[in-house]
Structures are given as C-alpha cells and as structure tokens.
Amino acid sequence: VQLQASGGGLVQPGGSLRLSCVASGSFFRSNFMGWYRQAPGKQRELVADITTGGITRYADSVKGRFSISRDNAKNTVYLQMNSLKYEDTGVYYCNLRWNVLREYDFWGQGTLVTVSS
C-alpha cells in the first residue's frame with residue numbers, strides 16, 4: 001500500500017487549503033482513511049478520519065472549520081481546511097487502516113502546512 005499526499009503549503013491565518021491523499025496497492029474495501037498532524041515539539045494527533053461508508057470523526061480543535069471527505073472510486077481522501085489558525089501549523093499525514101484478524105496501518109509521507117502572516 002502506498003499513500004501519496006499533496007496540497008500543503010503556506011497560508012495566512014483565516015485562509016484555506018485542501019489536502020488530498022491517494023491510496024494505491026491492495027487493501028481491504030472497508031477501511032478508515034484519515035489525517036493526522038504533528039506540530040513542532042508535539043505528538044502526532046488525529047485531525048479527522050472517515051469510514052468507507054462516510055462516517056466521520058474530528059478533533060475538537062478543528063470541528064466546524066475542517067471537512068473530511070473521500071471518493072472511494074478514486075481511493076482518495078480530502079481534507080478541506082478553512083479558517084486556518086497559527087496552531088494548525090504542522091506536518092499532515094495521511095493514514096489508511098483496517099482491521100481483519102489484525103490491525104493494518106499505513107502512512108503517507110506527510111505534507112507541511114504552515115499558517116503564518
């Protein structure tokens with residue numbers, strides 16, 4: 001399994017960015033795709049994830065500002081980030097996981113999001 005993330009960059013506070021992540025390879029049809037982030041000096045944390053059926057989960061810090069979606073036909077997950085804040089700065093990692101007899105967990109290479117004026 002390979003995950004290719006894109007869409008990071010430099011944005012001013014209040015601005016928007018859209019991240020994309022394409023999964024390739026062989027994986028279980030029913031799965032979670034999501035985004036995690038790691039800010040400098042902090043642990044990696046969940047931003048949002050979404051099931052194959054469209055059930056979503058968000059970190060409290062991004063609720064109402066970020067929106068996760070996926071296109072199952074394209075094996076792609078998106079993260080629309082609006083009203084960005086300084087504290088949203090970090091490396092955003094795409095994640096794909098499922099559990100069939102055991103946990104399968106895959107990560108993309110990360111894309112940097114910098115919120116700065």
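The values are calculated or read from the model by the stated rules, or taken from the named source; none is laboratory data. Everything numeric in this text was worked out from a predicted model, so none of it was measured. Using ideal geometry, Cβ is built from the backbone for each residue, glycine included, and neighbour counts are taken over all protein chains shown. When the accessible area is computed, the model is the full protein with side chains, heavy atoms only, and any ligands, DNA or RNA have been set aside. Shrake-Rupley method; radii C 1.70, N 1.55, O 1.52, S 1.80 Å.
So, in nm, how far is label ALA39 from label ASP71 when the simple model puts each one 7 Å beyond its Cα toward the Cβ?
3.2 nm
Need the full-extension length gain, VAL100 to LEU46, defined as separation in residues times 0.36 nm minus the C-alpha distance. One decimal, nm.
17.3 nm
Under a point-charge model restricted to the Cβ atoms of Lys and Arg (+1) and Asp and Glu (-1), what is the dipole moment magnitude of the chain relative to its Cα centre, in debye to the nearest 20? Don't skip to the end; give the middle numbers.
On the way: 13 positive and 8 negative charges, 25 e Å.
Dipole magnitude for the chain comes out near 120 debye.
What is the chain's relative contact order, in percent, from Cα pairs under 8 angstrom and six or more apart in sequence?
Values: 286 pairs, mean separation 42.4, N = 117.
Result for the chain is 36 percent.
For LYS63, list the aspartates and glutamates whose Cα falls under 17 Å from its own Cα; do not include residues on the same chain fewer than 8 positions away.
GLU45, ASP49, GLU87, ASP88
What accessible area per residue comes out for the chain, rounded to a whole number of Å², with a 1.4 Å probe?
55 Å²
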